[in-house]
Structure formats: structure tokens, C-alpha cells
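Only one structure is covered here, and it is reproduced in the block below.
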Amino acid sequence: MPILEKITQPLQARHWTDSIPLEFHYTAGVAGESFRRELKENGRFLSSKCAECKTTYIPARMFCPSCFIEMKETRTLEEPGYIYSYTTVNRNRTGEPNGPLTIGLIRFEGVKGGIVHKLDVKEHGSVSFGMKVVPILKEASERTGALTDILAFRPA
Ligand SMILES: [Zn+2]
């Protein structure tokens with residue numbers, strides 16, 4: 001039935017199932033690309049600093065969300081991060097028993113934002129808030145510029 005044809009009786013309407021192939025491409029953006037490239041090529045985290053309010057953000061971003069101005073100053077974080085928050089899970093994403101796996105929000109002193117990642121700790125009880133951690137990275141030849149280039153964070 002052509003779409004312009006007016007249906008006068010609801011029972012005239014028919015339906016069928018099919019699929020429409022869709023493809024998505026996600027770009028990390030200008031600053032996100034710089035962050036990923038620095039991680040891939042040098043194994044470091046890139047942050048950006050606002051010239052107006054002096055706030056530093058990780059991962060690097062192009063605009064300051066407070067001042068709405070472009071941030072052109074970047075710096076790599078050389079210091080270890082610290083555990084801002086953490087939890088231990090015993091199931092994977094589909095709900096199957098798995099683990100235990102400890103996941104933490106890693107932040108850096110004086111920097112807004114952070115990185116959520118696995119913590120390489122032997123025992124759940126050995127983790128504490130504020131604990132200094134450093135990333136364990138894949139070999140440079142295996143890195144792709146994704147957060148999976150980080151295998152986990154371990155105590156510094
Ligand atoms: Zn700002």
C-alpha cells in the first residue's frame with residue numbers, strides 16, 4: 001500500500017518486520033583525540049588547563065565548562081593518581097558470577113575529572129581512599145589510543 005494512500009479502516013493497515021542497517025562512527029573530538037594520541041604514543045595522560053579560572057581537567061577537553069572559553073594549554077600528568085572511590089564487583093556486565101574485581105575512580109591532585117578503571121590489588125581490603133596509584137599500560141606497540149591501553153592501576 002503506497003504511503004500516500006489514506007487508510008479509512010484500521011484493519012487495512014499492515015505491518016512487517018525487517019531491519020535497517022545503521023552504522024555509527026564516534027569521534028573523540030579534537031581534545032579527546034589529543035588525549036588518546038598521548039596515551040598511545042607516550043603512555044601519559046593529557047590534561048587541559050583553563051587560562052581564565054586556572055582549572056585543569058582530565059581527560060583533556062577543548063572548552064572550559066565554567067568559563068565557556070577554549071582551553072589551549074595542555075600538560076601531561078607525571079604524578080601518580082589517587083583512589084577517590086572504589087568498589088568490588090563479583091559479577092560481569094551480563095550478570096554472570098565473575099571476579100572479584102575492584103574498580104576505582106582515579107583522580108589527580110588539583111585536577112578535575114578522573115578515570116574509572118580496574119585496580120590491580122591482590123586483596124579487596126588492601127585498597128584505601130587516597131591511596132596513590134599508577135597505571136599499568138600495554139606495550140607501546142599494542143596500544144591503540146583507547147582506555148583499554150591501560151590494563152589496570154596499581155599501588156604506586
Ligand atoms: Zn575556566
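Here are the numbers for the structure shown:
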{"quantity": "Residue tally, condition within 10 Å of the ligand (Cβ to nearest atom) and of a type in the set (D, E, K, R), over the stretch 39-62", "calculated": "3"}
{"quantity": "Candidate set from the stretch 44-58 (those that are part of a loop (DSSP other than H, G, I, E, B) and not small (Gly, Ala, Ser)); member that is surrounded by the most Cβ atoms within 10 Å (Cβ to Cβ)", "calculated": "CYS50"}
{"quantity": "The stretch 63-80 - residue that is more than 12 Å from SER34 (Cβ to Cβ) and within 20 Å of the chain's Cα centre (by Cα) and, of those, nearest to the ligand (Cβ to nearest atom)", "calculated": "CYS64"}
{"quantity": "Matching strands (runs of 3 or more DSSP E) fully within the stretch 62-152 where at least 2 residues are farther than 25 Å from ARG44 by Cβ", "calculated": "81-91, 97-107"}
{"quantity": "Selected residue (only one of THR76, THR27, THR55 is within 28 Å of ALA140 (Cα to Cα) and either in contact (Cβ under 8 Å) with a residue 24 or more places away in the chain or touching a Pro at 6+ places or on another chain (Cβ under 8 Å) (or both))", "calculated": "THR76"}
{"quantity": "Neighbours by Cβ (under 9 Å, 6+ apart or cross-chain): first from the stretch 118-131, among the acidic types (Asp, Glu); second part of a strand (DSSP E or B) and surrounded by 10 or more Cβ atoms within 10 Å (Cβ to Cβ)", "calculated": "ASP120/THR102; ASP120/VAL133; ASP120/ILE136; ASP120/LEU151; ASP120/ALA152; ASP120/PHE153; ASP120/ARG154; ASP120/PRO155"}
{"quantity": "Test: residue in the stretch 16-37 that is in contact with an Asp or Glu (Cβ under 7 Å, 6 or more places away or on another chain) and within 16 Å of the ligand (Cβ to nearest atom)", "calculated": "no"}
{"quantity": "Scan of the stretch 1-37 for residues that are under 30 Å from THR74 (Cβ atoms), at pLDDT below 90 and not polar (S, T, N, Q), ordered by number", "calculated": "PHE24, HIS25, TYR26, ALA28"}
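The values are calculated or read from the model by the stated rules, or taken from the named source; none is laboratory data. Here the structure is a predicted model, which means the values were calculated and not measured. Please note: Cβ atoms are built from the backbone with ideal geometry, for glycine as well, and neighbour counts cover all protein chains shown.
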